[in-house]
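These notes are about the structure you will find just below.
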Amino acid sequence: MIPVLRTSDAWWVRHADGASRVDTAATNTAELLADRAALDAATASSERVSIHTLDLCSPVTAPCRVVAQMTNYRSHVEDSGMNPDTVPLTFFRKTSGSISGPTDDVIKPAHVGLLDYEVEIGLVVGEPLEVGASVGEDDLARHIAALVVTDDVSARDVQLPKTQFYESKSYPTFTPVGPVLGVLEDGDLRRFEQLRLTLRVNGEIRQDSTVADMIYSPLEALRTLARFQRLDTGDLVLTGTPGGTALTAPPKPVEIAGAFLPPALKWKIFFGKQGRNPKYLKDGDVLELTVGTDDGALDLGVQRTRVREA
């Protein structure tokens, strides 16, 4: 894997002792992925700057498509009160205007009370995926060019009563990405299932799972998307989050009883209880997200953001 960083004016390859500037005219992720010669040259370069001097941006540039999988880890499905053996493969869209950098503040809108977190692996599209395309195991490495850390930030009190994923997950800064664009090399995808996703809030581990808990693989996701959704180079596909989010389903008896209540009353009771849950994000909370193999061979860096009230 080639670990690529981005600043507002340049692209960089990360090394153990610094970063080497990529000599490229690329201004967006798609153009950068096409300039493999420049990436290889920067990987071999001995010139370094300190990474601490770099003001990092999202390595996935907007505009692009942002497609996300729902409830795709067994632990998250169980937290949501569903059956992992029967949950369907489902997608939703986010605006690319929600993409922000790996150290940017997450802005909590004034009307949002229940702000939640979801660490996810983002697939960055390489070769375009046409509608109607056939995707096999041998095609996967062509269509997935890189991996990134993402946080699918969610306004639960918008999402649930409206059943509105698009709005609740698309506010500006609701998709922090990076810091590393992990450009894949031969054999890297064979270790995909060994990737560990971890999210901490103020140092406390909230989510910690490997991809082995994933229900629908990237191959299954791309095969399904190819039925209806074109994907182009540089587009971003989020692959779901493990259990441990602030939101969990109520006990079954409570859920059943709630079905008989008028919707306004049901949501008033539900959100009253959720409002006492201290795990929801509040002003000043610091999130740290990591994705990598336990041996460090694949490492997408540390995303560190702070929640700020609008």
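The values are calculated or read from the model by the stated rules, or taken from the named source; none is laboratory data. It should be emphasised that the depicted structure is a prediction, and the values quoted were computed from it without experimental measurement. Every residue, glycine among them, receives a Cβ derived from its backbone with ideal geometry; neighbour counts consider all protein chains shown. Ligands, DNA and RNA are excluded from the accessible area calculation, which covers all protein heavy atoms including side chains. Shrake-Rupley method; radii C 1.70, N 1.55, O 1.52, S 1.80 Å.
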J(HN,Hα) series, segment 18-35, from Karplus relation 6.51 cos²θ - 1.76 cosθ + 1.60, nearest Hz, glycine and proline x: x, 9, 10, 5, 8, 7, 9, 8, 4, 10, 9, 5, 4, 5, 4, 5, 7, 9
Segment 185-310: relative contact order as a whole-number percent, Cα under 8 Å and 6+ apart: 32
Percentage, to the nearest whole number, of Cα pairs in segment 160-310 over 18 Å apart: 70
Solvent-accessible area, 1.4 Å probe, carbon plus sulfur percent, for the chain: 52
Candidate lysines for bridging to Lys266, where Cα separation is under 19 Å - those fewer than 8 sequence places away on the same chain excluded: Lys162, Lys252
Rg and Dmax [Cα atoms of segment 102-219; Å; Rg one decimal, Dmax integer]: 16.3, 47
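Express in % the proportion of alpha carbon pairs of segment 35-90 at distances exceeding 16 Å. If you can, show how the numbers build up before the last one.
On the way: 1075 of 1540 pairs.
Percentage above 16 Å: 70.
Compute for segment 195-243: radius of gyration divided by Kirkwood radius, i.e. Rg/Rh, restricted to C-alpha atoms, rounded to two decimals. Numbers along the way, then the final one.
Details: Rg = 14.0 Å, Rh = 12.8 Å.
Rg/Rh: 1.09.
Tell me, what is the per residue accessible area of the chain in Å², probe radius 1.4 Å?
Accessible surface, normalised per residue, equals 44 Å².
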Electrostatic dipole magnitude of the chain [Cβ: Lys, Arg +1; Asp, Glu -1; Cα centre; debye, to 20]: 1360
Residue-by-residue Karplus 3J(HN,Hα) for segment 173-189, coefficients 6.51, -1.76, 1.60, Hz, glycine and proline x: 6, 8, 9, x, 10, x, x, 9, 8, x, 6, 7, 10, 3, x, 4, 5
Sites Arg93 and Ser46, calculated FRET efficiency, Cβ-Cβ separation with R0 45 Å, nearest 0.05: 0.55
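Take the alpha carbon atoms of the chain, find their radius of gyration, then divide it by 2.2 N^0.38 Å using N residues; give the quotient.
Numbers: Rg = 19.5 Å, N = 310, 2.2 N^0.38 = 19.5 Å.
So the chain has a normalised radius of gyration of 1.00.
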At most 13 other Cβ within 10 Å, DSSP loop - trypsin sites (Lys or Arg not before Pro), segment 185-233: Arg227
Alpha-carbon centroid distance for the pair segment 43-91 / segment 198-229, whole angstrom: 8
Selected from His143, His52, His76 as most flexible by GNM, with the chain as the system and alpha-carbon contacts under 10 Å: His52
Share of pairwise Cα separations in segment 35-165, more than 26 Å, in percent: 40
Aspartates and glutamates whose Cα lies under 12 Å from that of Lys108, excluding same-chain neighbours fewer than 8 positions away: Asp116, Asp283, Asp285, Glu309
At q = 0.30 Å⁻¹, base-10 log of I(q)/I(0) for segment 78-125 (Debye sum, equal scatterers on each alpha carbon): -1.35
Choice from Pro172, Pro59, Pro278 with maximal GNM fluctuation in the chain (Cα, 10 Å cutoff): Pro278
Long-range amide H partners of Val180 with built H, under 5 Å: Val149
Most mobile of Asp105, Asp235, Asp285 in a GNM of the chain (Cα contacts under 10 Å): Asp285
